[in-house]
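These notes are about the structure you will find just below.
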Amino acid sequence: MPTVSLSPQVVKDARCPTDKRKCDLFDSNCKGLMLEIRATGGKTYYLRYQDARGRTRQLRLALERDVSLHQARKLAEQKRTMIAMGQDPCEVKAQTRAIPTFATFIEEQYLPYVKSYKRSWVSDVSLLKNHLLPRFGSKYLDEITRQDIVKMHYERKASGAAAGSANRLLIMMRFIFNLAVRWELPGIKSNPTKGVPLMEENNKKERYLSVEEAQRLYTAVCSSENPMLQYIVPMLILTGARKREVLDAKWQDFDFLRRIWRIPTTKTGKARHVPLSDGVISLLSAMPRNQKCEWTFANPDTGKPYVSIFWAWDSARTKADLSDVRLHDLRHSHASFLVNAAGRFMKCSTYLATRRSRQLNVMHT
């Protein structure tokens, strides 16, 4: 490996011996600077140095056709300064190459993680597929800036979406980058969503059922083509539980002696306990039970929890002239009954549970 005083003319005239694939020329005027000359005619500048562990390393600087000798020497000096300051340019380069694109991070790390605990991960997939991946999928994580986040946030709102819809994208991006920082992904030192405020949401609607409306709704669900709807809807009202918590309930989760319903997996991923009122116990006692089926509100045809009850619910609420009531509103109604009218709630609870018991008694007499 000869050392020569490189000059623009020497660099231009340098040729690789015919019996070799490549040869190296070291510059006597710049420590570590090397010109690699290949048999194909290509030439590349490299910096050869020793890292902190004493290992010899070689860093590619630039093609000879892209920079002058003077520029190559300046690049070499800059890299040697980094080395003197304790930064290994080869390690920095390797870390940069290790930074995944947004799409790769989502597929290989984010989705497997949220699927392991988050019950609403399907909603994440929808937001990613329709909004975030088309915008950021091909970008490397360290290329996504705060300006990109702000632009995404406001363009979503400008497209006609509600403030809540725009905020959901921002919240999801914030969570994604929080994970990237927490998992110490190479090159990700901060969260680009930091400091970006949520938009004010004025479109949240809270709908509460009156006792009369609850009775009307119960009458409608009792005549539903879905035979389990007459139990599912009262259970939602009486407990304030989430739809999926009720649909996935198992008989083993109910402790009638201690009057406790243990919900093993909630939206937060942690178990919680719901007290069983007299109305809930009466409702569960009146339900038909298949001893071979572990699910409390199972689909009679499959013996498994319902995937969706929307169509049956939509028909029932329309029949009851309550088309503006959502399943989630039944949780609000539960809280409203408890806080504002405990006595009225118990009356409604008793009505919903005992009416079905009377119907069953009539059928058996």
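The values are calculated or read from the model by the stated rules, or taken from the named source; none is laboratory data. Keep in mind that what you see is a predicted model, and the values were worked out from it rather than measured. Using ideal geometry, Cβ is built from the backbone for each residue, glycine included, and neighbour counts are taken over all protein chains shown.
Observations on the structure shown:
- Test result for residue 39, of a type in the set (A, V, I, L, M, F, W, C) and either loosely packed, with under 13 Cβ neighbours inside 10 Å or at pLDDT below 90 (or both): no
- Meets criteria (closer than 23 Å to residue 119 by Cα and either at pLDDT below 90 or in contact with a His (Cβ under 9 Å, 6 or more places away or on another chain) (or both)) for residue 205: no
- Neighbours by Cβ (under 6 Å, 6+ apart or cross-chain): first from the range 99-113, in contact (Cβ under 8 Å) with a residue 40 or more places away in the chain; second among the charged types (D, E, K, R) and surrounded by 15 or more Cβ atoms within 10 Å (Cβ to Cβ): 99/142
- Condition broken by residue 198, with the remaining ones in (1) surrounded by fewer than 16 Cβ atoms within 10 Å (Cβ to Cβ); (2) within 35 Å of the chain's Cα centre (by Cα); (3) touching a residue at least 60 places away in the same chain (Cβ under 8 Å) satisfied: (3)
- The numbered conditions (1) assigned to a strand (DSSP E or B); (2) at pLDDT below 90 are all true for residue 87 except (1).
- Qualifying residue in the range 193-205 (condition: charged (D, E, K, R), under 30 Å from residue 171 (Cβ atoms) and assigned by TED's automatic domain parsing to the domain that holds residue 283): no
- Residue in the range 154-170 that is surrounded by the most Cβ atoms within 10 Å (Cβ to Cβ), counting only those that are more than 17 Å from residue 136 (Cα to Cα) and free of Cβ contacts under 8 Å to residues at least 24 places away in the same chain: 165
- Filtering 24, 66 for residues that are under 24 Å from residue 83 (Cβ atoms), of a type outside the set (A, V, I, L, M) and either assigned to a loop (DSSP other than H, G, I, E, B) or without any contact (Cβ under 8 Å) to a residue 12 or more places away in the chain (or both) leaves a single hit, 66.
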